[in-house]
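Okay, so here's the structure we're looking at.
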Amino acid sequence: MKNLFLITFITILAFTACKKNNERTTSLPYDPPGATITTDKEITQQHKRTFYFSSDGLFISNEFEGARLNDVYRIEPFVYEAVIEPENAPVNNSAWYAFMTWSDYPQTITLILKYKDGTHRYIPKLSYDKENWFPLEDERIKIDASKQTAQLELNIGYDTLWVAAQELITSSVYDKWEDELAAKPFVEKREIGKSAGGRAINELLISENEAANNYVIFTGRLHPPEVTGFFALKSFVETIADSSEIAKEFRSKFNTIVIPLVNPDGVDNGHWRHNIHGVDLNRDWVKFNQPEPRAVRDEVNRIVKQNGKPHFFIDFHSTQEDVFYTMTLSSMLDDNLTESEKEKVKEGYELVNKWLSNLQKRFPDYHVNIVDTLSKKTSPTSDRWFQKTYHIPALTYEVGDETDRQLIKKIANGAAIWLMKLLNEKGTLNRTLAKSGL
Ligand SMILES: [Zn+2]
């Protein structure tokens with residue numbers, strides 16, 4: 001009874017707090033309770049260490065960027081249990097794990113992943129060099145969701161074997177990729193802010209026309225395990241920076257801003273979902289309590305103050321399947337908008353439809369999966385902030401966890417080409433209008 005009173009009291013308090021700020025935020029259907037509360041929450045840091053089990057001559061370690069392994073027990077010879085916990089709970093079920101292992105002599109072990117606050121989600125990916133990855137065969141995995149376990153059969157030897165939920169794409173991998181792109185004369189890399197844990201939040205600016213004030217903006221990795229979203233962003237951005245005529249024309253009309261790693265602390269600490277303050281960074285775009293979304297917002301606002309014009313926004317994520325989360329026209333139109341803003345919204349809406357239907361025509365064997373039911377006006381997500389603030393088309397590009405990596409690359413390449421084509425036409429039109437004084 002006491003609890004009930006307390007819950008009622010907290011609910012009333014929370015409701016009052018929301019009303020006071022006149023900023024209602026909507027939880028998305030898969031959100032755990034409290035996801036839209038974005039003030040700092042406590043997290044548990046994992047203890048970094050290397051375990052050595054002398055009786056089997058086996059080493060297991062979490063001493064690397066992106067690792068997640070909270071504890072390991074030897075149950076019997078060659079059978080181990082590895083405890084995997086999230087940074088804090090409640091949390092979405094994105095049960096990230098990553099560890100490395102080697103042994104004094106070749107052996108096959110059974111390793112039981114025992115999850116706390118979640119169940120097995122990702123097919124284990126294995127690598128001997130952290131660059132080339134291969135999935136563990138189906139017959140070597142036994143999942144028991146009721147026990148929150150996944151039993152893996154692993155061959156261990158002298159060479160270090162990395163086992164991870166997805167390919168390890170941590171801040172040092174981003175740095176290398178960003179530096180490679182920044183070697184091109186029309187790509188500039190710069191730091192726009194620091195994460196809560198003091199890591200750099202970097203931006204790539206792709207531009208071949210100093211005078212151009214049109215901008216497209218892409219962000220990624222707000223959620224640490226969402227590596228396939230990065231693969232799409234990478235292919236997309238590389239297409240914009242390549243030597244095709246379409247890309248050259250695009251770069252002469254539009255500047256591209258890319259913030260590929262918005263949550264570097266979460267990624268490097270092997271988090272399931274949150275930043276180092278225990279907060280879901282894609283639920284903080286109303287309150288802006290966390291430094292990472294703030295850095296992105298401030299950078300875009302700075303550009304706009306200098307007469308920059310945002311035209312398009314994509315936030316890259318991952319989920320169980322490929323999805324383009326778009327917005328309904330009615331959710332974007334507001335009575336407060338001026339007639340010209342309404343026109344802009346409608347134009348943007350049509351542009352998105354045209355873009356995705358062109359993509360479908362280009363890849364008839366691939367299903368361009370468009371879902372527009374999730375995003376509400378009050379949604380505290382990045383896409384909604386961009387849409388509401390600048391009346392531009394803004395969407396979330398979700399890539400399936402296990403979508404074939406070559407297919408991700410191919411579709412994202414096609415998506416970038418079609419978007420550039422449409423925006424190139426628009427850019428030409430804008431120029432003609434500007435010249436004719438309309
Ligand atoms: Zn996500």
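The values are calculated or read from the model by the stated rules, or taken from the named source; none is laboratory data. Remember, predicted model here, so these are calculated numbers, not experimental data. Backbone-built Cβ (ideal geometry, glycine too); neighbour counts: all protein chains shown.
Yes/no matrix, rows are residues, columns are (1) more than 17 Å from the chain's Cα centre (by Cα); (2) away from the ligand (no atom under 16 Å from the Cβ); (3) over 30 Å from THR50 (Cβ atoms):
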| site | (1), (2), (3) |
| --- | --- |
| PRO124 | yes, yes, no |
| GLN148 | yes, yes, no |
| GLN151 | yes, yes, no |
| SER172 | no, yes, no |
| ALA183 | yes, yes, yes |
| ASN209 | yes, yes, yes |
| ILE217 | no, yes, yes |
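Only residues that are within 16 Å of the ligand (Cβ to nearest atom) and closer than 18 Å to SER171 by Cα were counted in region 276-309, giving 4. When you scan region 334-346, do you find a residue that is aliphatic (A, V, I, L, M) and over 25 Å from ARG297 (Cβ atoms), even just one? No, region 334-346 contains no residue that is aliphatic (A, V, I, L, M) and over 25 Å from ARG297 (Cβ atoms). Within region 80-109, being touching a residue at least 40 places away in the same chain (Cβ under 8 Å) and over 22 Å from HIS317 (Cβ atoms) holds for GLU85, PHE99, MET100, THR101, TRP102, SER103, ASP104, TYR105, PRO106, GLN107, THR108, ILE109.
Exactly one residue out of ALA241, ALA247, ALA196, ALA211 is on the phi < 0 side of the Ramachandran plot, touching a Leu at 6+ places or on another chain (Cβ under 8 Å) and among the small types (Gly, Ala, Ser), and it is ALA241. When you scan region 199-238, how many residues do you find that are surrounded by fewer than 24 Cβ atoms within 10 Å (Cβ to Cβ), in a loop (DSSP other than H, G, I, E, B) and basic (Lys, Arg)? The total comes to 1.
If you check VAL286 against the conditions, is it over 19 Å from the mean Cα position of the chain (by Cα), surrounded by fewer than 24 Cβ atoms within 10 Å (Cβ to Cβ) and of a type in the set (Val, Ile, Thr)? Working first, answer last.
Values: over 19 Å from the mean Cα position of the chain (by Cα): no; surrounded by fewer than 24 Cβ atoms within 10 Å (Cβ to Cβ): yes; of a type in the set (Val, Ile, Thr): yes.
It is false that VAL286 is over 19 Å from the mean Cα position of the chain (by Cα), surrounded by fewer than 24 Cβ atoms within 10 Å (Cβ to Cβ) and of a type in the set (Val, Ile, Thr).
Within region 113-129, the set of residues being in a strand (DSSP E or B) and of a type in the set (D, E, K, R) comprises LYS114, LYS125. Filtering region 146-170 to residues that are surrounded by 20 or more Cβ atoms within 10 Å (Cβ to Cβ) and of a type in the set (S, T, N, Q) leaves GLN166, THR170.
Apart from one condition, SER318 fits all of (1) modelled with pLDDT of 95 or more; (2) over 21 Å from the mean Cα position of the chain (by Cα); the exception is (2). Only one entry of ARG251, ARG273 meets the criterion of being touching a strand residue (DSSP E or B) at 6+ places or on another chain (Cβ under 9 Å) and either assigned to a helix (DSSP H, G or I) or within 16 Å of the ligand (Cβ to nearest atom) (or both), and that entry is ARG251. Condition check: assigned to a helix (DSSP H, G or I) and of a type in the set (Val, Ile, Thr). Does THR389 satisfy that? So THR389 passes the test. Identify, from the list ASP315, ASP334, the residue that is within 13 Å of the ligand (Cβ to nearest atom) and over 30 Å from GLU63 (Cβ atoms). After ruling out the rest, the residue left standing is ASP315.
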